[in-house]
Every structure is written in C-alpha cells, then in structure tokens.
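Here's the structure, in structure tokens; my notes come after.
The values are calculated or read from the model by the stated rules, or taken from the named source; none is laboratory data. What you see is a predicted model; the values in this text were computed from it and never measured. Ideal geometry is used to build each Cβ from the backbone, glycine not excepted, and the neighbour counts take in all protein chains shown. Just the protein is used for accessible areas: all its heavy atoms, side chains included, with ligands, DNA and RNA removed. Shrake-Rupley method; radii C 1.70, N 1.55, O 1.52, S 1.80 Å.
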Amino acid sequence: MKFLLLYCIITFLSFNQVLGLTYNQGAQLRNIASNLGFTWINRDYLQNPKCGSYTALGSLITCDESGNNAIEVILVAINFGDPTNKFDELKYMKKLTIINAAFDLSTLTTLTGLVSLQELILQSDSDSSSYNFGSTQKNYPMNSLVKVYIENARGVLPTFNSTALLQNVTIIQKPLTTLTIGTSLDYMFTNQLLHFNLRVFNAPTGSLLASPFTNATQLQYFYLDAPAPFSVTFSNFVQAPASLTTLGLSNVAISGSSVFPLYSSATWTNLEYLKLFNLGLTGTMDEQFLIMPSLIYLNVSKTALTFSFSTTFGSNSHLQTLSAENTNLDGQVPSNILDGGLQFFHVRNTSLDGALPSAFMCCSQTALEDTNTLPPSYLFSNNTFTNYFGPNGTRSCSPKINSISPNPIGALSETLTILGKDFGDTFQIILRNSVGDQTSMGCSLTSVVDQIECINPLIQGSGIMTLKLFVPSLPTFQTTFTYKEPIVTHVSSISTLGGRVTITGEELFRTNTAVTGSSVRIYGIPCTNIQVIDPFLKFSCLFVEGITSDTPVVVNVKGLESNSSSSPKFFYKAPLVTGASALTPDTSSDLTIYGMDFWKEVSKVTVQIGASISCPVTFVNHSMIICQFPSTPYSESAMNLKVTVNGRESQDNQLFQFIDTQVCPNACGASSGAGQCDVGIGSCVCSNSFGPSCSEGSTSQISSLATSGLTSPVLQLSSTINTEVSLNAYLYSIIENEAETIISTWSSSVYEPSNNTWIFTWTFSGKTVKAQMRYNPQQGSDNLSGSKVTYPSQSYTYLVSYQTVNPVANLAFKMAFDSPEPCPSDPEYAYPTGTDTSARWMTWTKEQVTYYTRFPSTSLLNNEYILIQSNPIDPDDDPTGSANSSRILVNYPSDYLIYSASFQYDFQVFEASEAQHLTTECIDPPKSSNKGAIIGGVLGGVGGALLVGGAVFLVRQQIKIKKTNSLLNEKLKALRT
C-alpha cells in the first residue's frame, strides 16, 4: 500500500507541478536549452526551468496567469542546436523567439504545427545561423499566426495557413544562402495586413505580387527588395492606401510603363519614407513630391528621373534625408536647402552645377567623404561645382556668430542659444573671460538652421567667445560675451569683534574654488575666505573687527562688479545691553553694564540713563562697560539704558533700576559683598552664600541625579532635610502660533557622566526640542547675556533649547512644578515692585524644606540674547493643571520670526526659616480629574494611526495672570524695613 501511494505521488508530480510549470513543459524546455548550449537560471528541485527562468544572454520563460503553462519563450542559442528538438508540449505558447540557432524547420513539425502560436520570430546575427524550410514547399498549419519574422531564411518559402490572417510579415535572406519563392504571396495581402517586408538575393519566380494594395487596405509598411529579372508593375504602387507611411522598392525590374507618375495621380501624401532605388524609372519628378508634408526620407538614386530644386525648396521641405545619386537632377543647390532640417544630402553623379551654399563649405572632411564606415552627411561630385573640389580640396568658409541668448548670460540659465551662419558639422566654442578663465561649451546643432544650443559653462565675467571649425585652414570667428553683473540684496551684520558676513543676492559665486579673480570689499577693505552657501545666491566671507557702519559693499565676480550705490550697506551690530547692576539711590557709584559689541575704546562709547542722566564711561571691553553713575533720587520704574558706540545705539531695554528688594531682598547683601542685584538676570547674583537674598546658605541640600533609568526630563527635587516631601519640575509643553503641543514621550535620552547631565530630545515635523538636566556637585556659574549667574554646590540647572525648520511668529513654553503631596502649601513668586507679571523667582516651602527656583529673564533667540517673561498661570485658567501643581509660561516677544530659542532654570534647596506643615485636608479641593485639556487635533502616526503617548495639539487657552498674594510679600516688606 505504501509503495502504491508513493507511486501515485511521483506520477502526479511528474505530470503536473502544483502552482508551477507542468513537468512535461519544464522537461522539454530543459532539453531544448541543453541542445542550444545553455542552462536555465532559477530551476525547480527537478532541475527543470519554471516560470520566470532566464539566462544572462536574454532567454526567458513567461507563463499565463495560472502559472502552469508557458505562453512566451525566448531562446538565445550558444550552440546552433539539434534539429530533433521537440516543441509539442508547448501547445499553449503564443510567442516564440529563437535567436542564433540553426534549425531545419522541414523536420521540426512539432514547431511548425503549433496551432496556438501567434508570433514566430527567428533571428540570426551571423551567417552560420539560419532557418531552413527544406527543398520542397510546405504548408504550416499555424492557424493563430499573426506575425512572422524570419531572418537568414533558406530553402523553399512555405505558405502560412493562418485563419487569424497575418498582420506582420518579414522574410530576410542573407547573401550566402539560397531562398526560393515560387508561389504568389497575394494571399498574405488581406485587410488585416499591416506590415510587409521581403528582402531576398535570389530573384523570385512568377508573379508574386499581382495587386498588393487592392485588398491590404490597412497596410502601413511595404518594402520589397529583390533582384531582376523579378519584376513588378509600378503602376500598382501609385495608388497607395491612406494608411501607408513606408513604401520601399529596390532593385526590382519594372514591367509595363516606367514613366514616373504625375503628382496629382499618386496617393502618396501620407508617406514618411519613400525609397525607389535602382529602378528603371524615367520621366520628370514634380518638385511637389519633394515637399510632401509628412515625407522625411526620399531615395531615388540609380534612376533616370529628371528634377530640380526651386529657390523655396529649403523652407518648404521637411526632408531629413535626400539621396538622388546617379539621377538627372540638374540646376543649382538653393542656398536655403538646409533650412527645413535636411541632415543627409547625397547627390553624386548628377547634373547639378554652380556654387554650393557656404554651409557645405564649412563641413569637416568626414561629413563629405564616403569611407564605408560612417554614413557621410553630404556627398557631391568632385570638380562639378565652382567652389567645391572634393573633401580634401581647398574651400572658402566664413563662420559667424550673430547673437547670443540670453544676453547678458544668467548664471541660472541652463542653456544658451547662439544664432549665426556656417557652423559646419563639427565645431568648438571657447569662452575666455577677462581674468583668464577659459572653457569650452558643449554645443549641438538644432533643427533650426544656423542655430546651436549650448550648455551654460558658468564661467561668469565677460570676455571673448571664439567659434572654431575642425577643418584645417578655415578661419575662426570671435565675438564678445558677458554674464550678468552681481546683485547684492542683503548683507548681514556681524559683531564688532569681526566675523563672517553673509551676503545674499544674484549672480554671485558658484563654488569655493571658482573665486579666483573675484573679490569682496566692504568700505574698501577685503572680506576674505569666501565660502559659498548657495551657488550664485548666497555666500559668506570673513571681515575684520571695527565699528564703522553704513558702508558700501562691492562684490566682484570675475571682473564684473555689483552696483554699490543701489546695494544694501554693511553695518556692524549695534551694542546690545542684556543686564546691569542695580544701584542704591542717592549714592554716586559705578554702574556695571553687561552685553556685547561695546567695542574697546572709551572715547567711542557713551551711556545715557533715562531721558537725561549721563554716565561717563571709565572702562569698556566687548561685553562690559563701567561708568560713573551720579547720585540720583530713587525711582520705582525701570529706565532705558542707552549705550552708543560710534553712533550706533542700543535698543530700548528698560534695564536700569535701583535695587528692588521685591526681587533682590536685602539688596543681595551688597554691603557685605555677599552679592549684587543684576537687572538682566532679574535677581541676586551671589558670591559665597546663596538663595533669594544671598544669605540662605552656602550649600544647596539636594540629592544627585540618577545615572540610569530616566525616560523623561522630570527633575525630582528631594532633600535629606525631609525625605517625605519633594518637588517635580519639567517642561510640560511648547506653544507655537497659539497651538499647544504637550510632550509626553521623548524621542531619545542620553546621560553624560562627564558633566552630570541628562539630555532628552523630542523631534517632530522639522522641529527639535531638547531638555537638559544638570547636577552641579560644585559651586559654579553660567554666562547669561554677558552676566554671570552663580549657583551653589549640590544644585540643579534645567536648560531647554528649541529649533525649527519652519519659523514661528509666536512661541512660549510651559514649565510644570508638581507637588506629589495632596495638600501642599502655595508657591510664592517674586515680582518687580508695582507689577504682577514676569516673576523673577519662586520659593515653595513644604515642612522644613524650601525649594528655590530662579526663572529666566533673558534668553537666546535666533542666537541673540533678548528679554523674556516668566508668568505664573492661575490654576483656574489652566485646564491642564491641578491643585497641587504650578504652571509657568515662558513668553517670547512676538515681533520676531523664530528659528531657535533657549533658556534655563536654576534650582536650589535650603532648610526653611519657618516650616510650612502639610495638612490632611485641602482648603480648596483639587480640580476634578475630568477637567482635562481640550483636544484640538491629534497627530497622525505611521499609516494614519493615533500617536498614542506622543504629542497632542491643544487649543491654546487665553491666559490671565493675576497677582499672587503670598507670604513672601510680607517677608520682603519686612526685609525692606
């Protein structure tokens, strides 16, 4: 029983592979390949080919939709093959292509009897490869056949009995074989035939084509090349079907009248190709045949036809090839003969005379000489024309360039169009500008006479264009060229320390290596080290330090200069004030001003406070000024601190203030050297003891960061003073153009032990946000806008940075401060006197622990320092907050297009001077948990899925700020007292 089952399985696999080419077809194609000398690639486990099997030379098997039957096979032979190959298993095949085999088709009845075959293509690339029909005429019962292509056919041509009717027939005999055609081919010419091509070297016998066009009403292509004495009745070809576009008769004898027909009697107006070669035609050919609207190829060589050219031939003809050698063509060659696009013109051994047009005189020897290698463009008889004495003879030619377009040439133009005369067939155009750069253009003739198109070589500048023909002793032609002058549209400002100036415009430098012979000068001083940012549109260069502004910029590109009078001027950056020391009223004292671009010469710098208070400068460097501030009565409001450097004034800043004990309690202990009140920092900058008033302690009592396991930048502030309480601080969201994005999942995180820093990164849609948490084991300081903000040991710094590809007009960040305890005390904010906005710092006391947070007052915006505000949000106005959470909005001014921004918070923890005990019952109950953020839209993830745990866009709420009546105010009043 087991053996019977095994036999059944083997039998099934032998005859029908599941979902694959059947075994018999695969085995037969394997045997054919073996006989033809190749092996299929991609075979099955039985080593038979399958659907899609192929060879490197191009053999291929294509199957039907079922995958079981081969319907198209290409066989590229390496050996000539065995005529015993069988094709009977390939009974579903519709197209068979055999290349370079040697088959005896007279014995290969399994091939010639394939009734399903629609296309039979037998190709031969060598004389040794041929397809023999045998010595007697056969009838091939290939009922589905519509296309026959047989190259290097021999023997007796069979008849193709196709009930589907042939559509495409090509039979080609090569010189070393013998092909006999003894039966009329009229049976092929039905209303289905589209293409007929017969080329033989043995004269067929009998009348093969009695009336080829009578029944073939859809014929598009007819070509017959057969030697005499085989003859045709030429009049049968005069009335062609309207569908015919190609008509070729070569070498055949003409029976009946040989007189060329009148134009009015021939229906050839749709022909694109007409070849009447080596026929016994006589009479006159009307010039109308030369200008038929669709005709692009005409060959009437070796006929006795008489015709000539009119003076309008060139403008009316569409011919690309005209061959009329050994004819009675007479008259002169019109000067406009090439105007219609004529590319090949062969007229040897004709009666043409006079002078050839000058365009031919400029051609190379190769274009005029028949070397049997490349087809020459133009062939003329030697010594027949008054100005032409053969390809090697002396010729007179005057090439000329009339115009260049565009003119002047633009650096962003891809091509140039040059109009002129007598360009010949091979030429070179060389450009040399005034600074010595030289290049050749890649050019080619167009279909328009006397026009060439060239690739813009981008040499820039102006100079000489030379047209040179590759013909010995012929002259060259020179003219001038020029590119557009450079245009400057924007010049960036740089620091007074010097730096890279970015210049934007048009027709600027192409590459860093293409600036030889070019320069940039600002106020006559070179701007060096040119670096191209955007070819032709933007570059930067290195300019010296200085303070002279409103000066002209001149860009010289290869000798062409920009117009300095219409170009924007160059300016050094105006002085930027970012901070200043707060002073005691009614006391003359030194005022220290922080910022940048203050220069270094005292005589060039002035300082004015408010509307009229002058502060004589005693010291200045790039980032700091010291001036003598006179004794002045106290003023509660801030005043403008104007710094002028060589006429350039700082922007309004309101950075001068007397010491405000609301934000700098106890004057920061300035009298004892504990610290000073910095207006730019917005709080005390301490020396040795730290805290809001520089007196709370020398060391912050805080735990260090975890070195692993963090998944989000939540800074957990805990202290050994009391481990039962803590405070969490983190970046909650960003608000761009009034749309809020909550960041709940971060793209990546990394811990850098060298500087005790966690870096978290979030990226989305062209923007990048980074949150850095740094633990400060030792006392230190950070530079903020020229001022130094100090911090004690065992403290934290929280830095937020933002970058976007697409700039925003409005930007804010929301920082969250969450208390894990259910009923904490309220945080206390420090505002400048007389205001309830822009808090400078916060303290939050829980039990014996006071958490102190310095808020940012200055920030980097687009790499420049500006003043910003930190505004606490009333919990009632923040749907995302809760009773035990505080939200701080970091607001940026809205008069910028913002690409980048960064700011930092500092955190310290001290033992509270007065404990705030936690309660078990909250005075104000926590917000209901269902009072969530209003979702304005959800970002789509991959495939349109919701971005779970990712960023959610929220509708920005109108934020109200109200003053916090805190215990801190009472403490500050006491300190002032």
Which label in (i) 64.7; (ii) 73.9; (iii) 50.2 gives the computed mean projected area of the Cα convex hull in nm²: (i)
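If I stretch the segment between residue 550 and residue 127 completely, what's the gain in nm (0.36 nm per residue apart, minus their alpha carbon distance), one decimal? Each step should come with its number before you reach the end.
On the way: separation 423, 0.36 × 423 = 152.28 nm, distance 8.38 nm.
Once the chain is fully extended between residue 550 and residue 127, it gains 143.9 nm.
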Using the Karplus curve 6.51 cos²θ - 1.76 cosθ + 1.60 with θ = phi - 60°, work out ³J(HN,Hα) for each residue of the range 221-232 in order, rounded to whole Hz, and write x for Gly and Pro. 9, 9, 9, 10, 10, 8, x, 5, x, 4, 10, 9
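Quick one, what does Rg over Rh come out to for the range 49-142 if you take C-alpha atoms and the Kirkwood Rh?
Numbers: Rg = 13.3 Å, Rh = 13.9 Å.
Reported Rg/Rh (Cα atoms, Kirkwood Rh): 0.96.
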Quick check on the chain: of the DSSP beta bridges with both residues there, what percent are antiparallel, nearest 5%? 70
Distance between modelled label sites at residue 745 and residue 430, nm, 7 Å Cα→Cβ extension: 6.6
Average projected area of the Cα convex hull of the range 676-916, in nm²? 12.9
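Round to the nearest 0.05 the FRET efficiency obtained for residue 917 and residue 644 when R0 = 41 Å and r is the Cβ-Cβ distance.
On the way: r = 55 Å, r/R0 = 1.35.
Once rounded, the FRET efficiency stands at 0.15.
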Starting from the Cα-Cα distance between residue 479 and residue 414, subtract it from 0.36 nm times their residue separation and give me the gain in nm to one decimal. 21.3 nm
Distance in nm between pseudo-label sites at residue 202 and residue 707 (7 Å out along the Cβ direction from Cα): 9.6
Under 5 Å from the placed amide H of residue 640, counting only residues 5+ away or on other chains, we find 610, 654
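Under a Cβ-Cβ cut-off of 10 Å, what is the net charge of the residues other than residue 796 that fall near it, where Lys and Arg count +1 and Asp and Glu count -1? It would help to have the intermediate numbers written out before the result.
Working: positive: 774; negative: 906.
Spelling it out: positives minus negatives among the neighbours equals 0.
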Environment charge at residue 64 (Cβ cut-off 14 Å; Lys +1, Arg +1, Asp -1, Glu -1): +2
Spin-label model distance (nm) - residue 365 vs residue 438, 7 Å beyond Cα toward Cβ: 2.5
Plugging the Kirkwood radius over Cα pairs into Stokes-Einstein for the range 400-482, at a temperature of 20 °C and a viscosity of 1.002 mPa s, what D comes out in µm²/s? 167
Tell me, what is the 1.4 Å probe accessible area of residue 506, in Å² to the nearest 10? 90
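Can you list the chymotrypsin sites (Phe, Trp or Tyr not before Pro) in the range 589-624 that are in a DSSP coil and have 11 or fewer other beta carbons within 10 angstrom?
Values: sites: 594, 598, 599, 619; in loops: 598, 599.
Nothing satisfies the criteria.
Tally Lys/Arg at +1 and Asp/Glu at -1 over every other residue whose Cβ is under 11 Å from the Cβ of residue 21; what's the total? Walk me through the numbers before you get to the answer.
Working: positive: 30, 43, 50; negative: 44, 64, 89.
With Lys, Arg at +1 and Asp, Glu at -1, the net is 0.
What is the ratio of the Cα radius of gyration of the range 225-304 to 2.2 N^0.38 Å, where N is its residue count, to two decimals?
Details: Rg = 11.8 Å, N = 80, 2.2 N^0.38 = 11.6 Å.
Dividing the Cα radius of gyration by 2.2 N^0.38 Å gives 1.02.
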For residue 116 and residue 311, what does the FRET efficiency come to when R0 = 51 Å and r is the distance between their Cβ atoms, rounded to the nearest 0.05? 0.25
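Say R0 is 30 Å: what FRET efficiency, to the nearest 0.05, do residue 163 and residue 242 get from their beta-carbon distance? Could the numbers behind the result be given before it?
Working: r = 27 Å, r/R0 = 0.92.
Once the sixth-power term is evaluated, E becomes 0.65.
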Note on the range 718-764: the mean projected area of its alpha-carbon convex hull, in nm², is 5.4
Ignoring ligands and nucleic acids, what accessible area does residue 500 show with a 1.4 Å probe (Å², nearest 10)? 90
So how many Å³ per residue does the convex hull of the Cα atoms of the range 510-645 work out to? 136
For each pair in 600/767; 600/788; 569/604; 94/174, compute the distance between the two Cα atoms and list the pairs where it is over 30 Å. 600/767
Explain nothing, just compute: Karplus ³J(HN,Hα) = 6.51 cos²θ - 1.76 cosθ + 1.60, θ = phi - 60°, for every residue of the range 695-705 in order, whole Hz, x for Gly and Pro. 9, 7, x, 8, 9, 7, 8, 9, 8, 6, 6
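Counting only protein heavy atoms and a 1.4 Å probe, tell me what percentage of the range 487-570's accessible area is made up of carbon and sulfur.
Whole-percent figure for carbon plus sulfur exposure: 53.
How much length would be gained if the chain were fully extended between residue 403 and residue 899, taking 0.36 nm per residue of separation minus their Cα-Cα distance, in nm to one decimal?
Numbers: separation 496, 0.36 × 496 = 178.56 nm, distance 4.73 nm.
That works out to 173.8 nm of additional length.
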